[in-house]
Amino acid sequence: MSNIALARSCRPDQFSKVVGQDIVIKALKHAISKESFHHAYLFTGGRGVGKTTIARLIAKAINCTNCLEGEPCNECKNCEEIDDGRFVDVLEVDAASNRGVDEIQSILDQIHFFPALGKRKVLIIDEVHMLSNHAFNVMLKTLEEPPEHIVFILATTDPKKIPATVISRCLRFSLNNIPEDKICEHVMDILKRKNVPFERGAISQISAAAEGSLRDALSISDQAIACGEGKITLDNVNSMLGYASTLSIDGLIDAIQQDNVDAALSISREMLNSGADAGSILEELAVRFHSLSLKQLSNISFDDSEMKYTSKNLATLSLTQCNFYYQIVTLGRRDMPLAPNPLVGLEMVLIRLFAFQLSEKTNDVLIKEGKKKSSKKHDKLITQINADQPVANKLPKKIDQLDQMTLLTWPTFVSNLGCEGLLRQFLYKTEYDSFSEDKNIIEIKLKVSLEILMDSALIKKAEVFLTDFLKKEISITVEKVESVSNSFEMIEKANSLRDKRVAKEAFKKNAGIMQLLAEFEAEIINESLIIKK
Ligand SMILES: [Zn+2]
């Protein structure tokens, strides 16, 4: 497989290949085939739903010399040059880095000339809401009396920041978030074409994590391929995104149903140790309690591929109980950022699930008193190992002030942010460099070793998240380095390796196990060890 990111190498080159925007595409193709171009288009919608892709397709269809039924031919010289970004009559500007009046004025000066090769001059302005008010005013003059040969295509994720005077002069199209099943189908299609082996469940998980953004789905797939040595597996994707594996969640629900506190706590620690995110575990539990409630009320059948849980012991959890548990885990998830560390946060929620039960008659909350430990014996003999405390306990206390931020405290800081999906993956892989404060904007400098993490949309997402979290305007610059030395991910990995080494040493001191090993001529495989704290 080539090293070009999937999102870039698989960008649709025809309207018919754009995913999930059927109505908009139909309208555009119809207008273009009739050569009835509007002088200004505005595309709004979330990240990675196809705004820039559609803008470029319009630029191409307008200037293509063999345009057929609104589709660019992709073969003529104009199409080719537009694809390569070197066609003189199509200008693409990122408003985030060209915000000022002077920049916009100089761009407008360029497009006032008649097209040199194409039919019209097309000006694409991405993230147009970033323009300064002055720049908008300058642009407005051209929008009010547009020369025949100019087409504006504006794209934004935040239309509220665009002056109404500008919006009213544009033909506006709102692009939807792309439905999960469409993303899933499309990603699988691309992977098949690229001969990348994958597990279907993994792609479902990726599609859900992408939250309607096809570009995010493809970026996560890229990372999964990189982490999975060429193939995409569910286990890999789950641990990459910090999701709990389906099997462990099943076990957790079983433990709750069987009122087995020990099992629940040990499963949850195991899940955290294997890289699952505490918030995601609670989220998954909430989804399960929802499914269990639905199951009792209606006969909706659950599709296995959607990984909905159907319990063997349905009778033991009543509808009221499910609702009550749902409440506990969703509230627990809300409070997670306040917990001293993820393990404590998660365990307190689980303890609440066991400690409280609803009186079926009065709906009063009862506290289970003097609850005995579950008597259920474990089937397997588990050798108790006094491994060290979990990672979360070893990291220094929560750091939420930037002035205390150092290379060493950054991993704790990001582990406490409670972010998920691609953003979490990004922050977990970064190393802190420095920060500087200027005019109330704090610039954080980070280092990464993976090229795909340099994605500007991803960095922007991190900026928005941190701005919200720290209540200060944050700007992030990212530097690509050979390797990082202190990311959260590395600390986690190192701790897990150390725990396994400690465990192996403990085994060696256990006479019974050593005898077993000798008798069967066996050896302990490090990777197979699961640490039960
Ligand atoms: Zn063409």
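The values are calculated or read from the model by the stated rules, or taken from the named source; none is laboratory data. Bear in mind that the values here come from a model prediction, so they are computed numbers and not experimental data. Because the Cβ atoms are built from the backbone with ideal geometry, glycine has one as well, and the counts that use them run over all protein chains shown. Surface areas here come from the heavy atoms of the whole protein model, side chains and all, with no ligands, DNA or RNA. Shrake-Rupley method; radii C 1.70, N 1.55, O 1.52, S 1.80 Å.
In the list 47, 86, which residue meets the criterion of being away from the ligand (no atom under 16 Å from the Cβ), in a loop (DSSP other than H, G, I, E, B) and out of contact with any Lys or Arg (no Cβ under 6 Å at 6 or more places or on another chain)?
Values: 86 fails: away from the ligand (no atom under 16 Å from the Cβ).
Selected residue: 47, the only one of 47, 86 that is away from the ligand (no atom under 16 Å from the Cβ), in a loop (DSSP other than H, G, I, E, B) and out of contact with any Lys or Arg (no Cβ under 6 Å at 6 or more places or on another chain).
In the range 106-116, is there at least one residue being within 12 Å of the ligand (Cβ to nearest atom) and in contact with a helix residue (DSSP H, G or I) (Cβ under 7 Å, 6 or more places away or on another chain)? Write out each step before concluding.
Initial filter on the range 106-116 (within 12 Å of the ligand (Cβ to nearest atom)): none.
No, that holds for no residue.
When you look at residue 202, is it under 19 Å from residue 461 (Cβ atoms) and crowded, with 20+ Cβ neighbours inside 10 Å, yes or no? Break it down into steps so the answer makes sense when it comes.
On the way: under 19 Å from residue 461 (Cβ atoms): no; crowded, with 20+ Cβ neighbours inside 10 Å: yes.
No, not satisfied.
When you scan the range 14-55, how many residues do you find that are more than 18 Å from residue 186 (Cβ to Cβ) and either in contact (Cβ under 8 Å) with a residue 40 or more places away in the chain or crowded, with 21+ Cβ neighbours inside 10 Å (or both)? Explain how you work it out, then say what you get.
Step one: filter the range 14-55 for residues more than 18 Å from residue 186 (Cβ to Cβ), giving 26-44, 55.
Keeping just the survivors that are either in contact (Cβ under 8 Å) with a residue 40 or more places away in the chain or crowded, with 21+ Cβ neighbours inside 10 Å (or both) gives 27-30, 32, 37-44, 55.
Qualifying residue count, the range 14-55: 14.
Can you name the condition, by its number, that residue 155 falls short on among (1) more than 16 Å from the ligand (Cβ to nearest atom); (2) more than 26 Å from residue 461 (Cβ to Cβ)?
Going through the list (1) more than 16 Å from the ligand (Cβ to nearest atom); (2) more than 26 Å from residue 461 (Cβ to Cβ), residue 155 breaks only (2).
Would you mind telling me which numbered condition in (1) touching a helix residue (DSSP H, G or I) at 6+ places or on another chain (Cβ under 8 Å); (2) open to solvent by 50 Å² or more (accessible area, probe 1.4 Å); (3) at pLDDT 90 or above residue 158 fails?
Residue 158 satisfies every listed condition except (2).
Name the residues in the range 437-459 that are small (Gly, Ala, Ser) and either within 22 Å of residue 157 (Cβ to Cβ) or open to solvent by 80 Å² or more (accessible area, probe 1.4 Å) (or both), would you? Don't jump to the end; show me each part of the working.
To start, the set of residues in the range 437-459 that are small (Gly, Ala, Ser) comprises 449, 456-457.
Once the filter is applied, which keeps residues that are small (Gly, Ala, Ser) and either within 22 Å of residue 157 (Cβ to Cβ) or open to solvent by 80 Å² or more (accessible area, probe 1.4 Å) (or both), the range 437-459 yields 456, 457.
Can you name the number of the only condition in (1) at negative phi; (2) open to solvent by 30 Å² or more (accessible area, probe 1.4 Å); (3) free of Cβ contacts under 8 Å to residues at least 60 places away in the same chain that residue 269 fails?
With respect to (1) at negative phi; (2) open to solvent by 30 Å² or more (accessible area, probe 1.4 Å); (3) free of Cβ contacts under 8 Å to residues at least 60 places away in the same chain, residue 269 is out only on (3).
Answer yes or no as to whether residue 35 is part of a loop (DSSP other than H, G, I, E, B), within 9 Å of the ligand (Cβ to nearest atom), among the charged types (D, E, K, R) and out of contact with any helix residue (DSSP H, G or I) (no Cβ under 7 Å at 6 or more places or on another chain).
no
Assess whether residue 121 counts as being among the charged types (D, E, K, R), buried (at least 20 other Cβ atoms within 10 Å of the Cβ) and within 13 Å of the ligand (Cβ to nearest atom). Walk me through it before giving the result.
On the way: among the charged types (D, E, K, R): yes; buried (at least 20 other Cβ atoms within 10 Å of the Cβ): yes; within 13 Å of the ligand (Cβ to nearest atom): no.
So residue 121 does not fit the description; no.
Taking the residues in the range 50-77 that are more than 21 Å from residue 21 (Cβ to Cβ) and of a type in the set (D, E, K, R) as candidates, determine which candidate is farthest from the ligand (Cβ to nearest atom).
77
Checking residue 478 against (1) surrounded by 14 or more Cβ atoms within 10 Å (Cβ to Cβ); (2) among the hydrophobic types (A, V, I, L, M, F, W, C); (3) in a helix (DSSP H, G or I), which single condition isn't satisfied?
(3)
Give the number of residues within the range 25-69 that are within 20 Å of residue 111 (Cα to Cα) and of a type in the set (Lys, Arg).
2
Looking at (1) closer than 26 Å to residue 488 by Cα; (2) at pLDDT below 85; (3) surrounded by 21 or more Cβ atoms within 10 Å (Cβ to Cβ), which is the only condition residue 247 fails?
(3)
Only one of these is open to solvent by 80 Å² or more (accessible area, probe 1.4 Å) and within 9 Å of the ligand (Cβ to nearest atom): 80, 92. Name it.
Values: 92 fails: within 9 Å of the ligand (Cβ to nearest atom).
So the residue among 80, 92 that is open to solvent by 80 Å² or more (accessible area, probe 1.4 Å) and within 9 Å of the ligand (Cβ to nearest atom) is 80.
Taking the conditions exactly as written (touching a Ser or Thr at 6+ places or on another chain (Cβ under 7 Å) and at pLDDT 80 or above), does residue 463 satisfy them or not?
Details: touching a Ser or Thr at 6+ places or on another chain (Cβ under 7 Å): yes; at pLDDT 80 or above: yes.
Yes, satisfied.
Do we find that residue 462 is loosely packed, with under 12 Cβ neighbours inside 10 Å and either among the aliphatic types (A, V, I, L, M) or assigned by TED's automatic domain parsing to the domain that holds residue 266 (or both) in this structure? Working first, answer last.
On the way: loosely packed, with under 12 Cβ neighbours inside 10 Å: no; either among the aliphatic types (A, V, I, L, M) or assigned by TED's automatic domain parsing to the domain that holds residue 266 (or both): yes.
Criteria not met by residue 462.
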